[in-house]
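Everything below concerns the one structure shown next.
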Amino acid sequence: MEEQLLSSKGNKFPVGTSCSTSVVLSTCVVMCGSLAYGFAVGYTSPVQSGIMADLGLSIAEYSTFGAILTLGGTIGALVSGTIADMVGRKVTMWIMDLCFILGWLSIIFAKSVWWLDIGRFLMGIGAGLLLYVAPIYIAEIAPKSIRGGCTAAFAFMIYFGFSLMFLIGNILPWRTLAIVGIIPSLVQLIGIFFIPESPRWLAKIGLDKEIEASLQYLRGKNVDISLETAEIKDNVESLTKLSGSRYLDMFDRRYAHSLIVGLGILILLQSGGTDAISSFASSIFIKAGCSASFATTTMGFIQLPFAAMGIFLLDAAGRRPVLMVASAGTCLGNFLVGVGFLCKDYDQMSQLSATFVLVGILVFAIFFSMGVGGAATTIVSEIFPINIKGSAGSLAIVCNWFSSWIVTYAFNFLFEWSPSGVFFMFTFFSGLMILFVAKIVPETKGRTLEEIQASLTLLN
């Protein structure tokens, strides 16, 4: 049968593609964004000496250049939900790509620190948009049987981008490396023309024909989509009757469970030390007496196979078991690092310090990449109803960025005060994540988004 071309808001996509191929294609396009983000995060480590020498930057100026990504990310997160609800998931990703592209161009042609800071800030805005819209889009298009794996693949590409940038950054000059960094955003900018809009967003704005066209493309031309279409429309209609779309609606009592789960997971995720450890791994290893270059390279690459494993675990074992086991692993890793630094205070055990710290950080990296990051991203992308997804999702990502900033900013001060104490603090919050998931977080494996959100929404 000849392929039909249906259009939605000027976008054409083929109906005659199988479900798996369509979803995989769409997910791969979105994963270019996570690769771009991984490149942005990993860029500052290998190029520090080159940029500082070429442009005459001080340590303070370079620290600002590295940290300003977080400020841009907070601003991007604040507006991400509103933009995604107003113009759609695809257009939001276009805006995100433009931020990354303009940011990289600013760095490529930089003649002063201001050009560097402007470029890094723009990439931060793109990252803030990305961390909201990309997981949401994947969750809204993927069948329930592979939704967890597709979202975990998004997290995997961040680790891959970070590690790849670290590797090639030791070979290429900083301007050339920035040219490499721009490639994923250019690929995604083109790829977005060939993927459909989210059927759930289309339902929210009342485009019934486009919903069916999008679902048919995603599920396959011979698949009966009538039940899924009806479920999506009924869910959106019932939620619209419950409330409007005001920003403060998310604080209504009926959405309390969803909001607590979403905010709690991301705040505990950052409080467990993930961004602090990633940002200051070299100084941690040096303080312990390890070889920083060997340890950080090992840490970067050991994450990849375990992050790949997490793609399959989320749909095979479920989100809750993976998140609890992985959190237990990060708890153990932090505890070992704390013990390692405690050993430095005792002459008889000081020679064990480096071993404990290296093993602890690697254990943390393995379990975080295997489950904590991917499971947290997946759950947060699934739990918010469509009528508050923009506001609640934005708030969750803002909390993630703000918690990251607090922990990262405070880490050096706490680390100087007590190296073992700060890691025992991380151990406490990692352990708290286990209890939080066990008591409050629902299992979302094998359920449609409508089923998940209905179970979390109080209707009385």
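The values are calculated or read from the model by the stated rules, or taken from the named source; none is laboratory data. Given the structure is predicted, the values throughout are model-derived calculations rather than measurements. When we count neighbours, we look across all protein chains shown, and the Cβ atoms used for this are built from the backbone with ideal geometry, even at glycine. What goes into the accessible areas is simple: the full protein's heavy atoms, side chains included, and nothing from ligands, DNA or RNA. Shrake-Rupley method; radii C 1.70, N 1.55, O 1.52, S 1.80 Å.
Structure data summary
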| quantity | calculated |
| --- | --- |
| Protein accessible area in the chain, 1.4 Å probe - carbon and sulfur % | 69 percent |
| Accessible surface, per residue, of the chain when the full set of protein chains is kept, probe 1.4 Å, Å² | 40 Å² |
| Pairwise centroid distance, computed over Cα atoms, of region 30-85 with region 265-295, Å | 18 Å |
| Table column - 3J(HN,Hα) (Hz), region 170-182, Karplus curve with 6.51, -1.76, 1.60, x for Gly and Pro | 7, 10, 9, x, 5, 6, 5, 5, 5, 5, 4, x, 7 |
| Cα centroid of region 383-431 to Cα centroid of region 185-232, whole Å | 34 Å |
| Rounded tilt (10° steps) of 147-169 against the dominant C-alpha axis of the chain | 40 degrees |
| Candidate values (i) 72, 51, 41; (ii) 79, 59, 44; (iii) 79, 70, 43, label of the one derived for Cα extents along the principal axes in Å | (i) |
| Gyration tensor verdict on region 252-330 (Cα atoms; rounded if a/c is under 1.5, prolate if a/b is larger than b/c, oblate otherwise) | oblate |
| Gain in span if fully extended, residue 63 to residue 168, counting 0.36 nm per residue against the direct Cα distance | 35.6 nm |
| Global geometry of region 27-182, whether rounded, prolate or oblate, following the gyration tensor of its Cα atoms and the 1.5 cut on a/c | prolate |
| Sum of side-chain charges, residue 55 neighbourhood, beta-carbon under 10 Å (Lys, Arg +1; Asp, Glu -1) | -1 |
| Net charge of neighbours whose Cβ lies under 15 Å from the Cβ of residue 33, counting Lys and Arg as +1 and Asp and Glu as -1 | +1 |
| Net +/- balance of residues flanking residue 443 in space, Cβ distance below 10 Å, scoring K and R +1, D and E -1 | +4 |
| Farthest toward positive dipole pole in region 30-146 [+1 Lys/Arg, -1 Asp/Glu at C-beta], among 81, 142, 60 | 142 |
| Helical contribution to [θ] at 222 nm, DSSP H n ≥ 4, -39,500 (n - 2.57), averaged over the chain, rounded to 500 | -26500 deg cm²/dmol |
| Cross-link pairs 209/439; 111/389; 90/439; 221/445 - those with Cα-Cα distance over 32 Å | 209/439; 111/389; 90/439 |
| Dipole moment magnitude, nearest 20 debye, the chain about Cα centre, only Lys, Arg, Asp, Glu C-beta charged | 120 debye |
| Sequence ranges 263-273, 386-396, ranked by mean other-Cβ count within 10 angstrom, highest first | 386-396, 263-273 |
| Förster-model FRET efficiency, 30 Å R0, residue 312 and residue 180, C-beta, rounded to 0.05 | 0.55 |
| Using alpha-carbon coordinates, inclination of helix 353-367 to the longest axis of the chain, degrees | 0 degrees |
| Cα-based shape type of region 363-417, given that a ≥ b ≥ c are square roots of the gyration tensor eigenvalues and the cut on a/c is 1.5 | oblate |
| Spin-label pair residue 21/residue 413, simplified geometry with 7 Å Cα→Cβ offset, distance in nm | 5.7 nm |
